[in-house]
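Following: one structure in structure tokens, then a few remarks.
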Amino acid sequence: MYILCPKNLTSTYKVPIHVAWPITVDWVQKHMEHHPSKSQNRLQDPSKVDGITQNPLSAWFLGPKAEHADVWAQMLMNIFNDYIHWRRNYFPEDPIIINRTKRRQHEHWFDQLDTELETVLNQLKAHFPFYSPRYIAHMLSEQTLPSVVGYFAGMLYNPNNVTDESASVTVPLELEVGKMVAAMLGYNPETAWAHICSGGTVANIEALWVARTVQFLPFVVQEYCKKHQLEFQIRTPNKARGQTVSILEVPSQTLIALKSNQSVRILRKLAHYLIYEKRQVPEVVLQEINEHVANSLFNVSKRGLFSILNRLSLHPRIYVSESAHYSIKKAANILGYGEDAVVPVPVDTRFRMDVRALRELLLHQKSNEYTACVIAVAGTTEEGAVDPVHRIKFLRDELNREHNRSFWLHVDGAWGGYFRSLFCHPDLAKKETGGMGDVLQSYADKLDVRESFTITHQGKTLSPPIDISWRDPETYGAFLAFPDADSITIDPHKMGYIPYPAGIIAFKQGIVTEHIIQKAQYISEEEGGLHHLDHTPIIHAVGPYILEGSKPGAAAAACYLAHKTIPLETHGHGKIIRTSVLNTRRFAQYLNHHKKLFRYLDEQVFGKQNTSKFPFTFVPVYDPPDTNIVCFVAVPMAWHDDTLVRVDSSLAELNRLNQMIYDRFTIRNKQDTRRSLYSQDFFVSRTRFMVSQYSTKSVSELLKMLKVSKADYKKEGLFVLRSTVMNPWHHQAQLAKKDYLFDFVLSLHEETREIRDLMQSKIM
């Protein structure tokens, strides 16, 4: 087995000896600088290559041809050598256990390991080349250089990130990552609580877990006040500022619909009331409340959801758009709500949650139903659509004001959460509640998320200048409203460009940790809970507060180094987002409606006049895309004069056509032995729209464009091609006169022609 390393490195290479995790932020920043090299193969000055800002986006990744292999290898060798010296210098007087005789005995086993490793490497290399700009398929791409370096280091030095006892460095790093992410999302990093988990699924489950726990705290307090005959006053949602009512008078439907911040803080307010108004002894009060909480009939963690709901005769409802991730139903199943509690909200023609439909569902709830949570999706898995978080927030305000109700608002930003880094401009004023229009204009004026281009091929201009931008007010509004959500999921291993597994769940109010802690004497000296009444809990361990318990310290190190060296703001990580968004819009234009382009492809590129009666167009599911996912359907067309007209074909034929296109652009098609990883020019993914997920109303506009009947859609469903444009190299490649996205369209067109000819020959 061989390890590739720079020529100047030898076995005698030495680095400073550390007794803790050796790679500091200063060290990474020093080594991540894009400095000139003696090698002629180095890239140019990044400020000239990127053409956007002085920030070196091209330095943040290994490169599609491993252009930064020397830097990467140097860093990895630094880690390995430092790690070896660290081991050897911990109590140097300790004996060597594996002597030379034993090492010689191990040679046969090492040979076997080397052979098996070679087999595994060969198998791995047959996987999709997700790092390449030719991979325009699923949610995979390059990882940033600092995240890979951090992951390697954390994996070696700090395998378990559960408590500061076993992870004295990576636990603080994880908490620091939580603050960085909270700030990017618009939360106050000093009062919010965010931590790393394995991914968006676990993050969504945890959000609903916390929401469920918090939602029944008012009943715990009401039970306490009844027992002690206390006239503890609270403000119900429809009460004006300063107007309160005794908690003993509040009915169940109102109590469970309190504002989330009230529910979260209600135990603290009760303690404050007893200590400062009733003049009771603090120690006695806190002990008594803690004991009551532990034994309360409304302690959902102890008594179980079924017991409480049966006692209150209530039925939960979780509202989420039709296009939501399956993890929501999984969460409802695990937490005891049941999958039937998940209510799909129709989407509009852009696959965003229809807030008017949500409003109708909420206003027409049955008397024995309550809203456990409303979940907005910021970047659906299939289309990348962004639900209007701001409008859901306004709806919640309306319910507060006019109907004495509220709800926990969760944003599933597993895909789109990092897009908010584009909005974190240092000059932008903090969002104020209300004047959304002015704020949107402020962002639009300051953010340069626009571009003008022409479609060219082999020096020939095929289109007039086309302006593309990311200025949709609804998308802006959704991301600006993030701070109004109670919890937000994001996935660093997606648009954070960080190795798996790494998800993050963020809560607006950090004091929720008081109500979810599971104590373990061996983990933490902190008891948790109400003895922290005067301030946000100081957390020295993450295990007791999360679903997973033990987890890799490598994820914390990876996220920390990545976010520290590539800040989560407009000119840092937002720069990656910017290029991704603009490339997506450009790709959508290539696919879209430029008849001149397709006429040119028919007559000039492929030169197949005999089959020109079967040209194609690609109909986008919706345009322009909200984020960086483009869903489209290949449709056979025919030229009549200068007009492209849809060729009549059944939905079954249309689905078969698109299925065959997908088969041409994947290595999963086992029937075609000619195709392998290394014969594949490009890669695309797919999905299928079914009436069980998307109602005929939601896809009515799409069906109309495709000339597909609702009856056929209900029967067949719709096969959809899907591309995720997140590779960081598309922009740089364009500057080097290589447009992968345009070439992908050429390849799509050519392959589709061949498939259509094949289908026609079989028909005839």
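Most exposed first by the Cβ proxy, i.e. fewest other Cβ within 10 Å, how do 353, 139 rank?
139, 353
Could you calculate the contour length gain from residue 191 to residue 65, that is, 0.36 nm times the residue separation minus the distance between their Cα atoms, to one decimal place in nm?
Contour length minus Cα-Cα distance gives 41.0 nm.
What does the highest-first list of 379-387, 548-556 look like by mean Cβ count within 10 Å?
Ranking the peptides 379-387, 548-556 by packing returns 379-387, 548-556.
Just to check I understand the Karplus step: with θ = phi - 60° and J = 6.51 cos²θ - 1.76 cosθ + 1.60, what whole-Hz values come out for the range 470-482, glycine and proline as x?
Whole-Hz 3J(HN,Hα) from phi for the range 470-482: 10, 10, 5, x, 5, 5, 4, x, 4, 6, 5, 8, 3.
Any idea how far apart residue 333 and residue 736 come out in nm if each label point goes 7 Å out from Cα toward Cβ?
Using points 7 Å along Cα→Cβ, the separation is 4.5 nm.
Sort out for me the Cα centre separation of the range 381-398 from the range 705-764, rounded to whole Å.
Measuring centre to centre over Cα atoms gives 30 Å.
Can you pull out the GluC sites (Glu not before Pro) in the range 91-183 whose DSSP state is coil and whose Cβ has at most 11 other Cβ atoms within 10 Å?
Filter output for the range 91-183: 93.
At a 10 Å Cβ-Cβ cut-off, how would you order 424, 559, fewest neighbours first?
In order of increasing Cβ crowding within 10 Å: 424, 559.
Can you give me the distance in nm between label points at residue 118 and residue 463, each placed 7 Å from the Cα along the Cα-to-Cβ direction?
Computed distance between label sites residue 118 and residue 463 equals 5.0 nm.
Test of the criteria: in the range 283-389, which trypsin sites (Lys or Arg not before Pro) are in a DSSP loop and have at most 14 other Cβ atoms within 10 angstrom of their Cβ?
Answer by residue number: 366.
Whole Å is fine, so just give me how far the alpha carbon centre of the range 166-240 lies from that of the range 553-571.
Taking the Cα centre of each part, the range 166-240 and the range 553-571 sit 24 Å apart.
Quick query: amide H of residue 198 versus all other amide H atoms, modeled in the peptide plane; which residues come in under 5 Å with a sequence gap of 5 or more or a different chain?
Long-range HN contacts for residue 198: 503.
For a 22 Å ceiling on Cα separation, which of these pairs sit above it: 179/508; 179/269; 102/551; 179/302; 494/575; 227/259?
Going by Cα-Cα distance, 179/269; 102/551; 179/302; 227/259 fall outside the 22 Å limit.
Which distance in nm do the two modelled labels at residue 649 and residue 360 give, with both placed 7 Å along the Cα-to-Cβ direction?
The two pseudo-label positions are separated by 3.6 nm.
What translational diffusion coefficient, in µm²/s and rounded to a whole number, does the Stokes-Einstein relation yield for the range 123-201 at 20 °C and a viscosity of 1.002 mPa s, taking the hydrodynamic radius as the Kirkwood radius over Cα pairs?
Diffusion coefficient, whole number: 141 µm²/s.
Using a Förster distance of 35 Å, how high is the FRET efficiency between residue 87 and residue 130, based on the Cβ-Cβ distance and rounded to 0.05?
The calculated FRET efficiency here is 0.55.
Each residue of the range 377-391 in order: what ³J(HN,Hα) in whole Hz does its phi give by Karplus 6.51 cos²θ - 1.76 cosθ + 1.60, θ = phi - 60°, with x for Gly and Pro?
Each residue's phi maps through the Karplus curve to give 9, 9, x, 5, 4, 8, 10, x, 6, 10, 5, x, 4, 5, 6 Hz.
Read-outs throughout are calculated quantities, based only on the coordinates presented, and are distinct from any laboratory measurement. Every value quoted in this text rests on a predicted model; they were computed, and no experiment measured them. Here Cβ is always computed from backbone atoms with ideal geometry, including for glycine, and neighbour counts include all displayed protein chains.
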